[in-house]
1. Dividing the convex hull volume of the Cα atoms of region 1-62 by its residue count, what figure in Å³ per residue is obtained?
2. Given the C-alpha centroids of region 147-176 and region 35-83, what is the distance between them in whole angstrom?
3. Could you give the accessible area per residue of region 106-180, probe 1.4 Å, as a whole number in Å²?
4. Over the Cα atoms of region 73-138, what radius of gyration and what Dmax do you get, in Å?
5. If contacts are Cα pairs under 8 angstrom and at least 6 residues apart, what is the relative contact order of region 84-157 in percent?
6. Among ARG21, ARG45, ARG116, which one moves the most in a GNM of the chain with springs linking Cα atoms closer than 10 Å?
7. Using a 4.7 Å Cβ cut-off, which Cys residues in the chain lack a partner cysteine?
8. Accessible area of the chain with a 1.4 Å probe: how many percent of it is carbon plus sulfur?
Amino acid sequence: MDLVILDRDGVINEDRADFVRSPEQWVAVPGSLEAIARLCAAGVRVAVATNQSGVGRGLYDEATLAAIHRRMESEIARFGGQLDKIVYCPHHPEDGCTCRKPRTGLLEQLAVHYGRSLTGVPCIGDARRDLEAAAAVGARPVLVLTGKGRETLSALGGPPSEYYSDLSTAVDRLLAEDTP
């Protein structure tokens with residue numbers, strides 16, 4: 001395992017019904033920053049693929065989104081981790097773009113960036129759209145129960161093949177699998 005792809009809201013940071021609109025509103029999910037640092041320490045690159053329709057809705061601009069991401073990266077760095085790449089969809093849900101999950105555009109951007117197939121790459125998210133996008137590119141969909149995860153689990157009508165209470169637990173499992 002050399003790459004893990006994470007959703008942002010509900011996985012790394014707390015999800016907000018009214019959107020994370022400023023760096024000050026960005027609050028980490030407990031244990032998520034340490035989990036990212038553990039992946040990095042194991043030599044795993046960590047990328048983020050996130051829908052950010054707040055831009056398309058006019059709730060914040062791309063400069064504010066960049067500031068939110070700088071805050072996130074700074075907080076991760078405090079624990080010794082780093083994000084290798086962040087890709088995001090700024091579009092309104094009704095724009096019909098190809099990048100908004102569950103469409104695969106964001107993951108395809110990462111495949112091009114890394115020059116590789118995403119087959120089997122863990123993609124960790126808290127929503128059905130995260131799991132669907134991962135499955136569509138042959139990646140390994142992993143659900144966490146933080147953010148919208150519990151709602152997603154009950155809406156699926158049966159448990160997905162892989163789910164964990166939070167990012168920290170998912171990372172523990174992934175790293176244990178990767179240890180000979």
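1. Per residue, the Cα convex hull of region 1-62 comes to 89 Å³.
2. Region 147-176 and region 35-83 have Cα centres separated by 20 Å.
3. Counting only protein heavy atoms, the per-residue value for region 106-180 is 47 Å².
4. Using the Cα atoms of region 73-138, the pair Rg, Dmax is 13.2, 38 Å.
5. Working: 97 pairs, mean separation 18.0, N = 74.
RCO, region 84-157: 24 percent.
6. Fluctuation is largest for ARG116.
7. Isolated Cys, the chain: CYS40, CYS97, CYS123.
8. Details: 3890 of 8040 Å².
It is 48 percent, rounded to a whole number.
The values are calculated or read from the model by the stated rules, or taken from the named source; none is laboratory data. Keep in mind it's a predicted model, so treat the numbers as computed, not measured. Every residue, glycine as well, gets a Cβ built from its backbone with ideal geometry; the counts of neighbours run over all protein chains shown. Heavy atoms of the whole protein, side chains included, go into the accessibility calculation; ligands, DNA and RNA do not. Shrake-Rupley method; radii C 1.70, N 1.55, O 1.52, S 1.80 Å.
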